[in-house]
Structure formats: structure tokens, C-alpha cells
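The values are calculated or read from the model by the stated rules, or taken from the named source; none is laboratory data. Keep in mind that this is a model prediction, so the values were computed, not measured. Using ideal geometry, Cβ is built from the backbone for each residue, glycine included, and neighbour counts are taken over all protein chains shown.
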């Protein structure tokens with residue numbers, strides 16, 4: 001029973017967030033269970049929690065599956081492939097504007113998998129040549145981890161991306177670099193996961209699903225992000241790429257350094273891993289924002305990401321739980337659940353919330369440091385609310401007049417329809433939108449074709465079945481949106497109006 005407590009906590013937290021998201025989505029587009037993806041995801045989550053447990057409890061098939069060494073290796077390889085495919089699906093959910101060819105994605109994955117085997121000769125060359133030793137001492141272990149592990153593995157994972165950049169023109173969007181770099185990392189992780197799962201009798205599944213695969217993608221993304229920024233700013237790709245490789249090697253080495261000696265606090269690796277999630281979210285957000293093909297109406301809707309991720313990753317873990325039961329019986333399966341259930345549930349929820357929290361703003365380069373205290377790095381990345389970019393909007397008169405200079409001009413134009421053309425940042429607030437009215441507003445001394453609006457802080461979205469209060473600001477000149485940010489000096493508060501989606 002104790003082993004089920006982490007899953008019960010996951011259930012409670014997921015259902016709490018699920019109820020909130022269902023209310024928000026229903027306000028935008030009401031639907032019954034069968035026609036609502038988010039409600040179907042909730043049903044799948046419930047089934048995942050109960051069906052495997054009932055199977056283990058009542059099927060009577062414990063320790064009835066007998067696989068030889070080759071058969072077990074095939075099953076483990078299939079499980080590792082499923083892990084990589086799940087994370088691949090997550091990456092492609094973000095690749096919305098110009099979808100990459102699956103043929104090239106598969107090629108990068110296969111080359112990444114094959115390049116994994118270069119790790120052994122490179123390690124045998126680098127370690128003796130530089131006199132690196134893993135002997136328990138701080139200095140020797142540090143440089144062994146940074147160079148003998150970090151530099152070697154990051155160089156190997158970089159090869160498929162380098163070949164792609166040299167001989168093709170596939171990576172033409174900034175996000176493509178993180179996509180292909182991460183796919184290469186998933187190829188590497190596929191081989192590594194197969195070995196670890198085989199050698200641990202499946203007990204390494206939690207670490208391989210949630211930690212190792214994500215860490216490998218993050219380290220590769222450091223290099224990919226550096227190259228993408230070099231391209232965007234017109235700087236040397238070679239210089240930025242080399243700098244990214246050095247940073248990735250140090251990050252990889254730091255991650256392993258605290259794990260390879262029982263005398264060191266492995267908790268530091270966990271803390272570093274949690275902080276790296278913020279950095280990876282910022283990288284992905286920025287490269288989507290910098291896409292030359294950016295279109296508000298094609299943006300991914302992150303609200304579904306968290307449930308797809310929770311269901312997919314939970315399914316892998318529970319599949320391993322059932323497989324352990326079939327191979328070794330219920331005691332072995334319960335031991336797996338008890339040993340990894342808590343960290344699996346907590347980390348899964350952390351990743352699902354963080355990896356579904358985006359605020360896309362065209363041209364905006366997201367900062368690495370989270371807003372607020374530095375300890376926010378150890379908390380999930382939280383960005384609630386639906387992105388309303390591209391939606392149609394209807395404005396109407398509020399109950400209370402405003403004394404603002406442009407209010408009466410706007411008042412005479414209401415009701416007024418228009419479009420939310422894009423999200424805009426003002427004073428680090430990412431919930432403002434550029435509203436383009438269908439009819440010009442005859443402001444005196446202000447732009448006639450745009451307003452900057454924001455839902456009142458009591459509302460996290462604008463529904464289509466009722467009006468909510470929004471703040472409206474007029475531009476004193478043609479809007480200047482440098483890197484997705486509004487210039488506060490050219491904005492003038494106009495008043496509050498009511499709005500709903502059309």
C-alpha cells in the first residue's frame with residue numbers, strides 16, 4: 001500500500017490541475033467527453049492507474065513469462081525505443097511552423113545511435129593520453145567527468161548534427177537545431193538505455209525515462225542553441241558551436257560528478273537537473289519565437305502537452321511494472337514500484353508542468369534566469385492560461401466610464417470586432433496582446449489601427465460564452481515591438497472594456 005502513495009499524490013495533483021484546465025478549455029470551446037481531447041486524456045490517466053494494478057493483483061500470471069537472453073534483450077530494446085519515441089513526439093509537438101521530414105529525423109536518430117559506439121574508442125584514446133583517472137579524489141574525478149565523459153559523449157552526439165549542417169539544408173529554422181540535436185541525443189540514449197535496463201533487470205527504468213534521456217537532450221541543446229544564436233546574430237557558427245560544446249561538457253561532467261561517488265551528495269545532481277529544466281524551456285521558447293515562419297494561428301497549444309506527457313511516460317513505467325511482474329512475480333514488481341514510485345511521480349509531474357509551460361512571443365529571446373528569486377529554478381516552470389494569439393475578439397462598452405483621454409473615441413466605436421494578432425510583452429508581463437480592429441479607430445494623436453489589451457488579472461483567459469473585463473491601451477504612434485516587447489513610452493491607458501472571443 002505504501003508503494004501506491006506516490007501515485008495517489010500524482011493522481012490528486014493531476015486531477016486538481018486537470019479540473020482547472022478543463023474549465024479553461026470549456027470556456028474557450030465547450031465539448032463533451034468524447035469530443036474533448038483534454039477530457040479523454042483524463043480518462044486515459046485513470047485507466048493507466050487502475051488497469052496495470054488490477055492485472056498484477058488478479059491475473060495470476062506472475063513469473064509466467066520466460067524469455068531467453070536474446071528475448072529479454074529484444075524486449076528491453078523495444079522499451080528503450082519507446083522511451084526515445086515518446087520524447088521525440090514531445091519535440092515534434094513544438095515543431096509546428098515548418099514540419100521536418102520524418103526521413104531526415106529517422107536518419108539523424110539512426111546515425112546518433114550508431115555514433116554511440118564511438119564513445120569506447122574515443123574514451124580509450126582520450127583518457128590515457130590526458131592521464132585522466134576516476135579514483136575518488138575531487139580533482140581527478142572532476143576532470144575525468146568533464147573530459148573523459150562529458151566532452152567525449154557530447155562530441156559523439158554532435159556528429160549527426162554537424163553532418164546534417166554540412167551536407168544538407170534541412171535545419172533552416174532556429175528550432176530545427178534543437179530538434180535534430182535532441183533526436184541525435186535520443187539515438188545515443190536509446191543504446192545507453194538498452195544497456196542500463198538490461199544490466200539492472202529493469203530497475204533503472206525511472207532514471208532512464210525521466211533523467212538520463214532528458215539530460216542528454218539538454219546537454220546537446222546547449223550546443224544547438226549556441227549555433228542557432230550565432231546564425232540569428234550573424235556571428236561565427238564555429239566559435240559559438242565550440243563554446244557550446246565546452247559548456248555542454250562542463251554541464252554533463254557536473255551532472256555525473258556527484259553521482260559517481262557514494263561519498264558525494266547525489267542530491268546536487270538532482271538540483272542541477274531541476275534547474276536545467278528552466279534553461280531548456282527558455283531555449284526552446286526562444287528558438288520557436290525566432291522562427292522566420294512564425295504564425296500565431298499555428299502555435300502549439302501547450303495545455304495538452306502535460307497530459308500527453310504524463311500519460312505516455314506513466315504508461316512506459318507501468319508497462320515495465322507489468323513486465324517485471326510477468327518475469328519475476330508480484331513481489332519483484334512491487335519492489336520496483338516502491339523503490340521508484342515516489343521519485344517517478346514527483347519528477348513526472350515536475351517535467352509535465354514545466355515542459356508544457358510556454359509563452360510564445362515573436363522575436364523574444366527568453367531570459368535564462370527565472371522571474372523572482374533564484375530558488376525558483378528548483379520549482380516547476382509555470383505558465384498558465386491558453387495562448388489566444390490569432391483569435392477573433394468582440395469589444396463592448398463597460399458599465400463604468402473612464403476619464404482617459406481616448407476613452408470616448410473608443411466608446412463611440414463599440415461594439416468593435418478584431419483579431420488578437422500576437423502576444424506582446426510589457427514590463428515582463430507576457431499576457432498582453434496586440435489587437436487589430438476591423439475598423440480604424442479615429443484617435444486624435446494615437447495609432448488608429450491597434451490597441452494593446454490584457455485580460456483583467458481576475459481572469460486567466462477570455463472565454464467565448466461571456467464577457468470579461470480587459471484593459472486597453474492606445475499607441476501614441478505606430479507600434480514599435482522590438483524583440484516582442486512593447487515600448488511603454490508610446491503607450492497611453494485608454495480604459496477598461498468588456499470582451500469575449502468570437
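I need a count of the residues in region 68-85 that are assigned to a helix (DSSP H, G or I), free of Cβ contacts under 8 Å to residues at least 60 places away in the same chain and either within 17 Å of residue 188 (Cα to Cα) or over 32 Å from the mean Cα position of the chain (by Cα) (or both). Walk me through how you get there before you give the answer.
So the first thing to find is which residues in region 68-85 are assigned to a helix (DSSP H, G or I), and the list is 69-85.
If we keep only those that are free of Cβ contacts under 8 Å to residues at least 60 places away in the same chain as well, we get 69-71, 74, 78, 85.
Add one more test, that the residue is either within 17 Å of residue 188 (Cα to Cα) or over 32 Å from the mean Cα position of the chain (by Cα) (or both), and what stays is 69-71, 78, 85.
Summing the residues that are assigned to a helix (DSSP H, G or I), free of Cβ contacts under 8 Å to residues at least 60 places away in the same chain and either within 17 Å of residue 188 (Cα to Cα) or over 32 Å from the mean Cα position of the chain (by Cα) (or both) in region 68-85 gives 5.
Taking the condition surrounded by fewer than 18 Cβ atoms within 10 Å (Cβ to Cβ) and under 19 Å from residue 300 (Cβ atoms), does residue 99 pass? Full working, then the answer.
Numbers: surrounded by fewer than 18 Cβ atoms within 10 Å (Cβ to Cβ): yes; under 19 Å from residue 300 (Cβ atoms): yes.
Here the answer is yes, as residue 99 does meet what is asked.
I'd like to check something: does region 179-191 contain any residue that is more than 15 Å from residue 226 (Cα to Cα), out of contact with any helix residue (DSSP H, G or I) (no Cβ under 6 Å at 6 or more places or on another chain), outside the structural domain of residue 317 (by TED's automatic domain parsing) and touching a residue at least 40 places away in the same chain (Cβ under 8 Å)? Write out each step before concluding.
Step one: of region 179-191, the residues more than 15 Å from residue 226 (Cα to Cα) are 183-191.
Those still in the list that are out of contact with any helix residue (DSSP H, G or I) (no Cβ under 6 Å at 6 or more places or on another chain) too: none.
No, region 179-191 contains no residue that is more than 15 Å from residue 226 (Cα to Cα), out of contact with any helix residue (DSSP H, G or I) (no Cβ under 6 Å at 6 or more places or on another chain), outside the structural domain of residue 317 (by TED's automatic domain parsing) and touching a residue at least 40 places away in the same chain (Cβ under 8 Å).
Could you check, for region 445-459, whether at least one of its residues is in contact (Cβ under 8 Å) with a residue 24 or more places away in the chain and over 30 Å from residue 290 (Cα atoms)?
Residues of region 445-459 in contact (Cβ under 8 Å) with a residue 24 or more places away in the chain: 445-447, 450-456.
After this cut, where a residue has to be over 30 Å from residue 290 (Cα atoms) as well, the list is 445.
So far as region 445-459 goes, yes, one or more of its residues are in contact (Cβ under 8 Å) with a residue 24 or more places away in the chain and over 30 Å from residue 290 (Cα atoms).
When you scan region 315-335, do you find a residue that is closer than 29 Å to residue 386 by Cα, in the same structural domain as residue 40 (by TED's automatic domain parsing) and in a helix (DSSP H, G or I), even just one? Walk me through how you get there before you give the answer.
So the first thing to find is which residues in region 315-335 are closer than 29 Å to residue 386 by Cα, and the list is 315-316.
Within this subset, residues satisfying the condition of being in the same structural domain as residue 40 (by TED's automatic domain parsing) are 315-316.
From what is left, the residues that are in a helix (DSSP H, G or I) are 315-316.
There is at least one residue in region 315-335 that is closer than 29 Å to residue 386 by Cα, in the same structural domain as residue 40 (by TED's automatic domain parsing) and in a helix (DSSP H, G or I).
Kindly provide the set of residues from region 35-73 that are at pLDDT 85 or above, exposed (fewer than 13 other Cβ atoms within 10 Å of the Cβ) and at negative phi, ordered by number.
Residues satisfying the conditions are 47, 50, 51, 54, 57, 58, 64, 66, 70, 71.
Yes/no matrix, rows are residues, columns are (1) closer than 30 Å to residue 45 by Cα; (2) in a helix (DSSP H, G or I):
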| position | (1), (2) |
| --- | --- |
| 244 | no, yes |
| 247 | no, yes |
| 252 | no, yes |
| 268 | no, yes |
| 271 | yes, yes |
| 294 | no, no |
| 308 | yes, yes |
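Regarding region 231-241, can at least one residue be identified that is assigned by TED's automatic domain parsing to the domain that holds residue 116, under 19 Å from residue 278 (Cα atoms), at pLDDT 95 or above and touching a helix residue (DSSP H, G or I) at 6+ places or on another chain (Cβ under 8 Å)?
First pass over region 231-241, keeping only residues assigned by TED's automatic domain parsing to the domain that holds residue 116: 231-241.
Those still in the list that are under 19 Å from residue 278 (Cα atoms) too: none.
No: zero hits.
Can you tell which of 296, 346, 282, 312 is touching a residue at least 12 places away in the same chain (Cβ under 8 Å) and in contact with a strand residue (DSSP E or B) (Cβ under 8 Å, 6 or more places away or on another chain)? Give the derivation first.
Details: 346 fails: in contact with a strand residue (DSSP E or B) (Cβ under 8 Å, 6 or more places away or on another chain); 282 fails: in contact with a strand residue (DSSP E or B) (Cβ under 8 Å, 6 or more places away or on another chain); 312 fails: in contact with a strand residue (DSSP E or B) (Cβ under 8 Å, 6 or more places away or on another chain).
296 is the lone residue from the list that is touching a residue at least 12 places away in the same chain (Cβ under 8 Å) and in contact with a strand residue (DSSP E or B) (Cβ under 8 Å, 6 or more places away or on another chain).
Quick one: would you say residue 139 is without any contact (Cβ under 8 Å) to a residue 24 or more places away in the chain, assigned to a helix (DSSP H, G or I) and either assigned by TED's automatic domain parsing to the domain that holds residue 213 or surrounded by fewer than 14 Cβ atoms within 10 Å (Cβ to Cβ) (or both)?
On the way: without any contact (Cβ under 8 Å) to a residue 24 or more places away in the chain: yes; assigned to a helix (DSSP H, G or I): yes; either assigned by TED's automatic domain parsing to the domain that holds residue 213 or surrounded by fewer than 14 Cβ atoms within 10 Å (Cβ to Cβ) (or both): yes.
In short, yes.
Restricting to region 262-280, count the residues that are surrounded by 15 or more Cβ atoms within 10 Å (Cβ to Cβ) and over 15 Å from residue 216 (Cβ atoms). Before you say what the answer is, go through the steps one by one.
Let us first name the residues in region 262-280 that are surrounded by 15 or more Cβ atoms within 10 Å (Cβ to Cβ), namely 264, 269-270, 272-280.
Checking the rest, the ones that are also over 15 Å from residue 216 (Cβ atoms) come to 264, 270, 274-275, 278.
Total meeting the criteria: 5.
Among the residues of region 436-469, write down those that are within 16 Å of residue 417 (Cα to Cα) and in contact with a helix residue (DSSP H, G or I) (Cβ under 7 Å, 6 or more places away or on another chain).
439, 441, 442, 463, 464, 465
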